[in-house]
1. Using R₀ = 25 Å, calculate the FRET efficiency as 1/(1 + (r/R₀)^6) where r is the Cβ-Cβ separation of residue 61 and residue 271; round to 0.05.
2. Give the residues of region 104-118 whose amide nitrogen is closer than 13 Å to a point set 7 Å from the Cα of residue 227 in the direction of its Cβ.
3. So for the pair residue 140, residue 301, with labels modelled 7 Å out along Cα→Cβ, what separation do we get in nm?
4. Rank the residues 165, 135 as a footprinting-exposure proxy: fewest other Cβ atoms within 10 Å of their Cβ go first.
5. Which entry is the computed percent of Cα pairs over 23 Å apart for this structure: [x] 60; [y] 66; [z] 69?
6. As a footprinting exposure proxy, order 239, 187, 16 by other Cβ within 10 Å, with the fewest listed first.
7. Could you work out the helix-only [θ] at 222 nm for the chain, with each DSSP H run of four or more residues adding -39,500 (n - 2.57) and the total divided by the number of residues, to the nearest 500 deg cm²/dmol?
8. Take residue 77 and residue 162, extend 7 Å from each Cα along the Cα→Cβ direction, and tell me the distance between the two endpoints in nm.
């Protein structure tokens with residue numbers, strides 16, 4: 001019923017011709033750019049890695065060997081499971097969760113300041129200050145972080161000058177540079193959904209809570225956070241999915257012993273030349289990320305429609 005009412009409102013607002021054009025363009029874009037590639041990748045993941053001449057022949061049959069390889073490795077593997085790939089996968093998911101929580105703690109007060117505290121020109125200046133640095137390409141920002149956290153970078157130089165440590169600290173090897181770079185890369189995707197949700201908050205509720213003697217932390221816990229939950233869920237979803245699927249930042253900022261799951265996928269597609277196995281790895285990453293996001297939404301009782309708003 002609600003969907004029918006939305007369609008009636010949409011057609012009434014935009015007209016029949018424009019509404020059909022907009023809906024057709026969106027559906028076509030989603031099908032060609034999102035659904036169709038995923039379907040091809042899913043089909044590839046259940047195929048053998050055959051030369052082009054044998055594709056479509058009697059040997060080109062469906063198999064689950066690529067998924068078994070992810071779990072158990074090659075048939076001659078002495079270990080009970082594929083230690084390297086599964087460990088990297090789990091570490092990537094855990095790191096993506098850490099980056100998401102880091103961004104949430106960093107961006108929540110900024111979004112609150114933009115939506116509730118800052119007024120007029122101050123709010124516009126803050127928004128502009130957040131947006132302008134992202135005019136620079138993501139690759140260049142990643143290299144800037146590598147220089148910043150390098151052995152002779154600004155942070156090490158400042159720390160040794162102040163006497164905080166005697167020798168240069170290897171931020172790259174400790175993955176501190178990687179987590180900081182990933183966290184910074186997606187701060188806008190966390191700030192603006194939360195800001196958008198907070199902006200519509202009735203200020204009278206905050207004033208009433210203060211008049212009743214509620215401390216600031218209780219105001220946030222009982223009023224601001226529940227009201228901003230859709231924005232928080234939206235920001236966390238985008239940051240988590242993009243962090244888990246990041247490739248450029250882990251390659252540039254990752255240490256010699258750190259490996260991101262997307263780098264393994266990239267290796268199978270390119271240097272390994274095994275597209276079916278790379279497709280299987282990509283499908284597993286996508287499926288697990290979606291399941292974790294849906295589970296989190298269920299735990300915090302947030303619906304997809306609320307995130308969309």
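1. Computed FRET efficiency for residue 61 and residue 271: 0.45.
2. Under 13 Å, as judged by backbone N against the label point of residue 227, lie 112-113, 115-117 of region 104-118.
3. If labels sit at residue 140 and residue 301, their model points lie 4.7 nm apart.
4. In increasing order of surrounding Cβ atoms, one gets 135, 165.
5. Derived directly from the coordinates: [z].
6. Exposure proxy ranking, most exposed first: 16, 187, 239.
7. Computed mean residue ellipticity for the chain: -21000 deg cm²/dmol.
8. In this crude spin-label approximation the distance works out to 4.5 nm.
Every number here is computed from the coordinates shown, using simple stated rules; none is lab data. These numbers were taken from a predicted model, which means no experiment stands behind them. Reconstructed Cβ throughout: ideal geometry from the backbone, glycine too, with neighbour counts over all protein chains shown.
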